[in-house]
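Chemist: Quick one: this structure, given as C-alpha cells, is what I'll be asking you about.
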Amino acid sequence: MSEQNTVPKAPTDFPAEAVSVVAPKMRFDTLPLDAKLLRAIAESGYETMTPIQAKAIPLVLEGRDVMGAAQTGTGKTAAFSIPLLQKMLAHENASASPARHPVRALVLAPTRELADQVAKNIVTYSEHTKLRAAVVFGGVDMKPQTAELKTGVEVLIATPGRLLDHIEAKNCVLNQVEYVVLDEADRMLDIGFLPDLQRILSFLPKQRQTLLFSATFSPEIKRLAESYLQNPILVEVARPNATATNVEQRFFSVGTDNKRAAVVHLLKDRQISQAIVFVNSKLGCARLARSLERDGLRTNALHGDKSQDERLKALEAFKRGEVDVLVATDVAARGLDIADLPAVINFDVPFNAEDYVHRIGRTGRAGASGLAFTLVTAGDRNDARLASDIEKLIQKKIQLEPLELASERPRRPERTQAYPSEGAVDSARSAPPVPRARPPRDPFFDQPYVPSADAQAAWEKQPASSAKSGLSPNIKPKKKIAALFGARRSDEAPQG
Ligand code: AMP
C-alpha cells in the first residue's frame, strides 16, 4: 500500500469557529432541560452525555446553526433531537386541532432505515411530552403516513423523495418549520439527493435553525453548509473521516474464488456470532446471501431491489439476533444502530473510501469494541487502488495480510450448526459452535471532549495542490457534476 498520506481537504475559508472546553462527564440534569425530557433520557439508560452531546446540546439550545462532525455511534441523534424537543416544548399543547401541531422540526435522512431509526429515538425522547413525531419514507403505502400528517406533527422525519410526494399532495405544509436537521449530510449530496434537497429547502422559511451532521465531511458538503447554514459552529469530537478507535481493522488478501470461504473462516476463527457482510452490487448481495445460506448460516440480504417491507423485516430479524449474517449493499452502511454488532466484513472493497468509514461504523458502536475485516482480491489492481484510497482517508497504514485457506471441497455442511464446518477452511472443521460474544465497552464513549490545541481541523489544512481544486482526492469532480444532474449510483438509488 502507498505510504502517501493525503487527507481529504476542506476549503480553509469555511466559517467554523472554535468551541470552548466542556467539563468532563457532564450529566444531562446539569442542562436546562425539562423534567419530561430528563425522565425519558433516564429511562433510555443514559447517565452522562457523550462528547458530541456535551458540545452540541448547549449550542443548539442557544439557537446556533451547528455542523457536527462526529463518529458514528457517538450519540449524535440525541445530540440534535433532545435540544430541539426542549425548544419545541414552548409550543406543546393537547389540542386536537391539526393547526395547533404544525411541523416545526424537519429531520432529513438519506435512507429509509436511518429515518425509521431516528424517528424511533425521537419518539422515545418525547414520550412524556405532548409533542408529536412522525416518519415518512418511500417504498411503503402513503395512506397511513398521510393520515398521521393530517392530524398534525411537530417533528417530521423523512427521506427526501417521499417528503416531496407528500408536499406535492399537500399532505404537509412546511412554512412553520423552525428547525432543520440534515443527518448523514454527505450522502445527501453524494448520491444525487441535491436537487430534491434544494427543492425541499425552498419550501422552508429562510429564518430557521439548521443542523448538519455527518461522520465524514467532503469539501462539497462544507460548501453546501456555507450556503444553507448561518454562521455555523463546527462541532468536532473526533478527527473527521477517522474510523472508530475501538474497531480492529484488518485487510486480508484473498483469491476471488476463496472469498466466500474466507467469510465463513473469519466468522468461525474469530468466534463472531453476528456480522454484516458488505458487497458492492445488488446482484452480488443476493448471490452471496444465497451461498452463505446454503452453507448453513442464517442469512438475510438487504439491498435496494428488496421491498421496503422486506428491508425493514430483514433488519429487525438481524437486530433480534435471529439472523447470523446480513449481506448488504451500502443501503445499510449509514447511521444504522445495531446494538453490540461484533463485526463487519467487507466482502468487496467499497468503491468510495468514505463508504468504508460508514460501513465499519456499524460495529464498535456506543463504545463497544468491534472487528472490521476487508477482503482485498489478490492480484486485483482495482482493489489495491481502492484500499489505497481508504488508507489515505483514514490516515492509517494498511497491512495486507494473507489468509490461509485450504482448497475448497464440494461438501455441504449440516444446517443445524451455528457456524458449520466449511470445507475450504481447516480450522473451521473441529471448532464447536460459539455463543455470541459481547464486546467489552470502550472507554472512548465516556471520554469528555478535549479540543485540539489547533482549532483548525486536520482536514482543513490542505496542501496547495488540492486547495487549488478544492476537491478531495477521493472525490472525483465528475461525480459532483453528475449528482447535480440527479445521477445515481448504479447500485443504489436515493430513498424516497
Ligand atoms: P447514534 O450515534 O445517535 O446512532 O447513537 C448510538 C447509540 O448510543 C444509540 O444506541 C443510543 O441509544 C446510544 N446513546 C446515545 N446517547 C447516549 C448516552 N448519553 N449514553 C449512553 N448511550 C447513548
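Read-outs: derived from the displayed coordinates by stated rules, not from any lab. Owing to the predicted nature of the structure, the values given are computational and were not obtained by experimental measurement. Methodologically, a virtual Cβ is constructed for each residue, glycine included, from the backbone with ideal geometry; neighbour enumeration extends over all protein chains shown.
Chemist: Rank by packing, highest mean first: peptides 250-263, 109-122, with packing defined as the count of other Cβ atoms within 10 Å averaged across residues.
Modeler: 109-122, 250-263
Chemist: Please state the shape class of the range 107-217: rounded when a/c is under 1.5, otherwise prolate if a/b exceeds b/c and oblate if not, all from the C-alpha gyration tensor.
Modeler: Rounded, because the longest to shortest axis ratio a/c is under 1.5.
Chemist: Would you mind working out the magnitude of the charge dipole of the range 24-165 relative to its Cα centre, with +1 at each Lys and Arg C-beta and -1 at each Asp and Glu C-beta, to the nearest 20 Debye?
Modeler: Its charge dipole is roughly 140 debye.
Chemist: Just going by the charge dipole of the range 69-222, with Lys and Arg at +1 and Asp and Glu at -1 on Cβ, which of Leu89, Leu211, Thr74 is farthest out on the positive end?
Modeler: The one lying farthest along the dipole's positive direction is Leu89.
Chemist: OK, next. What is the sum of charges around Ala96, taking Lys and Arg as +1, Asp and Glu as -1, for the other residues whose C-beta is under 13 Å from the C-beta of Ala96?
Modeler: +4
Chemist: Which length gain, in nm to one decimal place, applies between Ser307 and Glu168 when the Cα-Cα distance is subtracted from 0.36 nm times their residue separation?
Modeler: Here the segment from Ser307 to Glu168 would lengthen by 47.7 nm.
Chemist: How do Glu293, Glu404, Glu154 rank when sorted from fewest to most other Cβ atoms within 10 Å of their own Cβ?
Modeler: Glu404, Glu293, Glu154
Chemist: Find the relative contact order for the range 195-306 and round it to a whole percent, using C-alpha pairs within less than 8 Å whose residues are 6+ positions apart.
Modeler: Worked out over the range 195-306, it gives 14 percent.
Chemist: Express in nm, to one decimal, how much length is gained between His128 and Lys143 on full extension, taking 0.36 nm for each residue of separation and deducting their alpha carbon distance.
Modeler: 2.7 nm
Chemist: Could you give the size of the charge dipole of the range 84-224 about its Cα centre, using +1 on the Cβ of each K and R and -1 on the Cβ of each D and E, expressed in debye and rounded to the nearest 20?
Modeler: The dipole magnitude comes to about 460 debye.
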